[in-house]
Every structure is written in C-alpha cells, then in structure tokens.
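A short worksheet on the structure shown next.
The values are calculated or read from the model by the stated rules, or taken from the named source; none is laboratory data. Computed from a prediction, not measured in an experiment: that's the story for all the values here. Don't worry about glycine lacking a Cβ; one is built from the backbone with ideal geometry, like all the others, and counts go over all protein chains shown.
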Amino acid sequence: MPLDSYDWLMGEVGGSEPVIATARLDLHHISATDLVTLFETPENPSLFQGKPFTNPHRVLMDSSGPLRWRVPQVQANPLVNRWFVRWMVERSTGVIVGSLSFHGPPDEEGMVEIGLGVHDNFQRQGFGREALLGMWLWVVKQPGVKKLRYTVDPNNTASVALVQQFGFANVGQQIDEEDGPEDIYEMSASDFGERFL
C-alpha cells in the first residue's frame, strides 16, 4: 500500500471501536495508531494520556504478545484493526488487567480465532471467562462470522476448563511454531448465540 494511502487510512480508521462492557470489565479497543505506537515505542506517554484507564502492570509494554503479529497486519491494511486488540480494564479501578484480540477478520469459512492474556496478578478471578464472553457476544453479531475458534496448550488445564465451560468441542490438534501442540476448540456462531445471547 502506498505510504500516502496508508496515512490516509490510518486517519480514517485510527479511531477505536465502541467499548464492550461486561459485568466487571470494559473492553477498550486500541486504535490502529495507538497499536503501532504501543509496539514501536511502548513508553510513549500519549498511549495513556486522557484515557479512562491506567496500565500499572505494563500489560503489552514489557512483552509485545500479539502485537508482533497484529501490527504488520494493520500496517498492511488498517481496516482489519476493528478485529484486533482490546484492553481488559477493571471498571471499578480503571486498571488494565489483560488484553485480548481476534487473530483477524473472518476467514473464507467465516471462522474467527481469539487469544487472550490475563496479567498474573488477576488470574483465577474469572476475568478471562468474562472477557471472552463479551468478545464472543460482540463477534457473533458481525457479518460473515460463522464459527468461533479457541486454541490451547492441552497441558494448560485452566484454559482447557475455561473453553469447555462454554461448551466448545475439541475438533483436533495443530502444531504451533512457537508453542508446540495446541488443541483446537470450535463452536458455530449460531450455537453460541442460542446459548448466550
């Protein structure tokens, strides 16, 4: 994409998607501009100035997590950013407790995959389940979404139990280049909607 077109698109889609509110969390979408800034210069004070949240635990600052994959996608096409990273903000404190992101827009089969990370200080408090529910309730209403996918290390008993709570079916296994074997869990968007909407 020519640089001038990229700059124009960043300006046009640089804003954020509406906040997704759950029982205790506000899931704040990170704009395309802020996503790139967070990856390239995580200490940039503009990232949190004037925002209704703080990041004392430095989520996605000390470790880029999904940003190393999402940023190149956004730089290639800023329009895909609407599917990407959201802060998990505990509403009562305004503190970022984690992040989550779809891996991209729906593929040719209408499948979307999600990943999340909850900071160590906030694990085992139900924030992961709550954030996933909020994101999946949002995404099943989006055009073209037919299937939800969640992949997990089979030895990560907490994550396996989490996805099984939603009723996802184990449909196989894949080998991740970095993480090794991962079990694949899926559910149709229509089934999820019937159960949880």
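Tabulated results
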read-out: Test: Ser46 is at pLDDT below 60 and either farther than 25 Å from Gln123 by Cα or not polar (S, T, N, Q) (or both); value: no
read-out: Top-ranked residue of segment 49-63 - restricted to ones that are touching a residue at least 40 places away in the same chain (Cβ under 8 Å) and either surrounded by 15 or more Cβ atoms within 10 Å (Cβ to Cβ) or among the basic types (Lys, Arg) (or both), ranked as farthest from Val145 (Cα to Cα); value: His57
read-out: Whichever residue in segment 78-137 is assigned to a helix (DSSP H, G or I) and in contact with a Pro (Cβ under 7 Å, 6 or more places away or on another chain) and, among such residues, is nearest to Gly193 (Cα to Cα); value: Trp83
read-out: Scan of segment 97-110 for residues that are over 17 Å from Glu17 (Cβ atoms) and buried (at least 18 other Cβ atoms within 10 Å of the Cβ), ordered by number; value: Val97, Gly98
read-out: Criterion violated by Asp34 - all others in (1) among the charged types (D, E, K, R); (2) touching a residue at least 60 places away in the same chain (Cβ under 8 Å); (3) part of a helix (DSSP H, G or I) satisfied; value: (2)
read-out: The listed residue being over 24 Å from Arg91 (Cα atoms), at pLDDT below 95 and in contact with a helix residue (DSSP H, G or I) (Cβ under 6 Å, 6 or more places away or on another chain), out of Val152, Val160, Val145; value: Val152
read-out: Only listed residue being farther than 21 Å from Val59 by Cα and free of Cβ contacts under 8 Å to residues at least 12 places away in the same chain, chosen from Glu194, Glu178; value: Glu194
read-out: Residue match in segment 110-126 (condition: of a type in the set (Lys, Arg) and under 18 Å from the mean Cα position of the chain (by Cα)); value: no
read-out: Some residue of segment 177-189 being aliphatic (A, V, I, L, M), crowded, with 20+ Cβ neighbours inside 10 Å and on the phi < 0 side of the Ramachandran plot; value: yes
read-out: Condition check for Thr33: at pLDDT 95 or above and among the polar types (S, T, N, Q); value: no
read-out: Residue in segment 154-164 that is among the small types (Gly, Ala, Ser) and more than 25 Å from Phe122 (Cα to Cα) present; value: no
read-out: Selection from segment 64-74 of residues that are assigned to a helix (DSSP H, G or I) and either touching a Lys or Arg at 6+ places or on another chain (Cβ under 7 Å) or surrounded by 16 or more Cβ atoms within 10 Å (Cβ to Cβ) (or both); value: Leu67, Arg70, Val71, Gln73, Val74
read-out: Total residues in segment 138-153, condition in a strand (DSSP E or B) and basic (Lys, Arg); value: 2
